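For reference, the structure is listed below as structure tokens.
Just so it is clear, none of the values below were taken in a lab; they were calculated from the coordinates. Only a predicted model underlies this, so the values are computations on that prediction, with no experimental measurement involved. When we count neighbours, we look across all protein chains shown, and the Cβ atoms used for this are built from the backbone with ideal geometry, even at glycine.
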Amino acid sequence: MTKQAIRRALQAALCSAILAVFSAASDVSYTVSLDAPEQHRVQVQIILPPGTAARELQLPVWNALYQIRDFAQFVNWVRAKDRAGNTLLIRQANDSRWQLEGAADGAIVEYQIYVDSFGPFGAQVNSHHAFLNLAQILMYPVDARDAPLTIRFSHVPGDWRIATPLQFVSGAYSAENYDRLVDSPVEMSAFHEFGFDEAGAQYRVIIDADPTDYESDKIVANLHKIVAAATSWMNDRPFDAYTFFYHFPRGPAGGGMEHAYSTAIDLNALTIRRSLYPLNSVTSHEFFHLWNVKRIRPQTLEPVDYTKENFTRALWFSEGVTSTAEEIIQLRAGLIDEKQFLLRLSEQITELENRPAHLTQSAEESSLDAWLEGFDYYRRPERSISYYNKGELLGFMLDLAIRDASHDKASLRELFQWMNANYARRGRFFDDSNGVREAAEAVSHADLGWFFTKYVAGREEIPWNDFLRYVGLHAEQFSISVPDPGFIASRNFDGPMSVIAVTPGGEAERAGLQVGDIITEVQGKAASEEFNQQLALMNTGETISVKIRSRGPERELRWKVAGREEVSYQIRDLDKVTPEQRARRAAWLKGEAETSSGVSAK
Ligand SMILES: [Zn+2]
């Protein structure tokens, strides 16, 4: 035998040994090899069981964020072979789909992919850790997306461990189908693990961060309160185990991603050292998503189309009203008080009212346009509103409207419990805003069509005081002088802070700032998610120093901050608060609707 023949024989023997293990099962089997973590490269092997000769493999173009991100840009090469090791023809059908031939007896598809997108929506491999949003790196066989599958990780550095909500059964992690697989993030590193039990469920807390940057006992104590408040508010716990993944990088961070059995959250280390409020907020939000969006799910998001956008009118509810619940949960958990709760409400009103687009873009339109959020121009205040911001406010107002219409017999809690009973637990999806309206009317026994027509589908100004009066409050509007740095910057989720507008003729423009510049530092501090608060704390006449990166090396610009009048809102007591209003406010903030005792299915 020649050297080459020996090698071929060995290869064939090895392949049949591998196939002997897998061919018994009809499962699609993945192996992800961390061959070169420091070079951010992984190699993926997919073993396809016997089936049709011609197959197609698709790499998602989006996942998690409602934005097309074209993960195929990172695929270095793709190849395929049969069980004997003979090369099979695999060719591209378009930029994210591959066609395989001769796969009747099964096939082994291999590819190398570059993996270095940080944050909870991304997949990243480096010498410190691997955090994998699997949809970003795993192709699926188009004809077997619903088939059970297994996944293994190889070449994992010796001191790393693996954490994922996936089940580990006889040597591999398994999932019932591709959708479940990619809804399960994977962290591999020398992470720290904490945990607790609450009402019969197991909670894992995986933290990959410098231990001197956080106090685990405080975080775990808050998590305990959050899960207890949320599960009791929903009167439900549709899982036995749930995992929190946290990263606290010293650099830019900020974001959370929901999953059915876990959440991944990134926050800047300095931010959480200063206060746990941001951590509690984002955790409450992502945890509540396990119901709202993961299980209580709009029809327009199902089935997920990994090849193009799933357009939905429901993000004002799925995201925005999740933010409403985030506040309610924190209040119930004792993590914020009533003053902070009302302060947050007034800040949200101020934010919406100061965006001119609140009169030109509806909550539903903002939901449909989510896919444009990656574009700087789209995020300008005259172009768009945020479905998080308006949706959160619609959640608060809908809560008050349901309480009013039902004479305090029902509230937002009953709406969610009703949707949980009638949609989530029955495996059904709801008809976007119509489905929310159906639930609101079912629990209040009233016609709430006007609310949805005017404020959800429509662009009418929300009459805050018509809603707040029910609990003896009103939103007082006043004009305040605020520092005006002469530009607006914003970021696309955890992307860099970029300048989206510069005031014509202003000081910032004179200093040389331009639309599209990336801001790295403000006043000597890294531009993080607190960037806008940093700006708000400045005084008119003060000198601002900003470090920017654009067209050439990083440079520093300085100019004097101007002043500008802005409309601001504060939630206050009405001049005369009646005992009824006081009682309703107590029910709203401290307890629940008087007679609610669970919700039955319709
Ligand atoms: Zn969310």
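Annotation: amide H-H contacts under 5 Å for R41 (H modelled 1.01 Å from N, sequence separation of 5 or more, or interchain): A36, V115. FRET efficiency for the pair V304 and R250, taken as 1/(1 + (r/R0)^6) with r the Cβ-Cβ distance and R0 = 45 Å, rounds to 0.85.
Our estimate of slack between D431 and R152, defined as 0.36 nm per intervening residue step minus the Cα-Cα distance, is 96.7 nm.
Taken one residue at a time, the phi angles of the stretch 562-567 give Karplus couplings (6.51, -1.76, 1.60, θ = phi - 60°) of 8, x, 7, 7, 9, 7 Hz. Gly and Pro are set to x. Placing R0 at 25 angstrom, the Cβ-Cβ distance between E382 and N539 gives a FRET efficiency of 0.40 after rounding to 0.05. With Cα atoms as the point set, the stretch 368-498 shows a radius of gyration and Dmax of 18.0, 53 Å.
Note down the relative contact order for the stretch 253-310 as a percent, whole number, built from C-alpha pairs under 8 angstrom at least six residues apart. Please report the intermediate quantities before stating the final value.
Numbers: 50 pairs, mean separation 19.1, N = 58.
Worked out over the stretch 253-310, it gives 33 percent.
Under 22 Å of direct C-alpha separation, and excluding same-chain neighbours fewer than eight residues apart, K225 reaches these lysines: K294, K339, K590. Backbone amide hydrogens, once placed in the peptide plane, bring Q167 within less than 5 Å of S174, excluding anything fewer than 5 places away on its chain.
Looking at the square roots a ≥ b ≥ c of the eigenvalues of the Cα gyration tensor of the stretch 287-415, which shape do they give, rounded for a/c under 1.5, prolate if a/b is larger than b/c, or oblate? Judged from the Cα gyration tensor, the stretch 287-415 comes out oblate (a/c at least 1.5, b/c at or above a/b). Expressed as a fraction of 2.2 N^0.38 Å, the value expected for a compact globular protein of N residues, the C-alpha radius of gyration of the chain is 1.04.
Its Cα centre serving as origin, the chain has a Cβ charge dipole (Lys and Arg +1, Asp and Glu -1) of approximately 1020 debye. Contact order for the chain, expressed relative to its length and based on alpha carbon pairs under 8 Å spaced 6+ residues apart, stands at 10 percent. Amide H contacts of A527: E521, V522, each under 5 Å away and 5 or more positions distant or on a separate chain (H built 1.01 Å from N in the peptide plane; Pro and chain starts excluded).
Under the simplified labelling scheme, the K576-F168 pair shows an inter-label distance of 6.8 nm, with each label point 7 Å from Cα along Cα→Cβ.
Go ahead and run the numbers for FRET between R558 and D240, Cβ-Cβ distance against an R0 of 41 Å, rounding to 0.05.
Details: r = 57 Å, r/R0 = 1.38.
Computed FRET efficiency for R558 and D240: 0.15.
Averaging the sequence gap over all C-alpha pairs within less than 8 Å and six or more residues apart, then dividing by the number of residues, gives the stretch 466-516 a relative contact order of 26 percent.
The HN-Hα couplings worked out from phi for the stretch 46-52 by the Karplus form 6.51 cos²θ - 1.76 cosθ + 1.60 (θ = phi - 60°) are 10, 9, 9, x, x, x, 6 Hz, whole numbers, x standing for Gly and Pro. DSSP bridge analysis restricted to the chain gives an antiparallel fraction near 80%, rounded to the nearest 5. Note on K560: aspartates and glutamates with a C-alpha under 20 Å away, same-chain residues under 8 apart excluded, are D484, E507, E509, D517, E521, E542.
Summarised in one figure, the compactness ratio Rg/Rh of the stretch 478-583, Cα atoms and Kirkwood Rh, is 1.16. For the stretch 252-363, the calculated P(r), taken from all Cα-Cα distances in 10 Å bins from zero up to the bin holding the longest distance, is 12, 35, 38, 14, 1 percent. Remark: the L270-V220 segment gains 16.1 nm on full extension, using 0.36 nm per residue and subtracting the alpha carbon distance.
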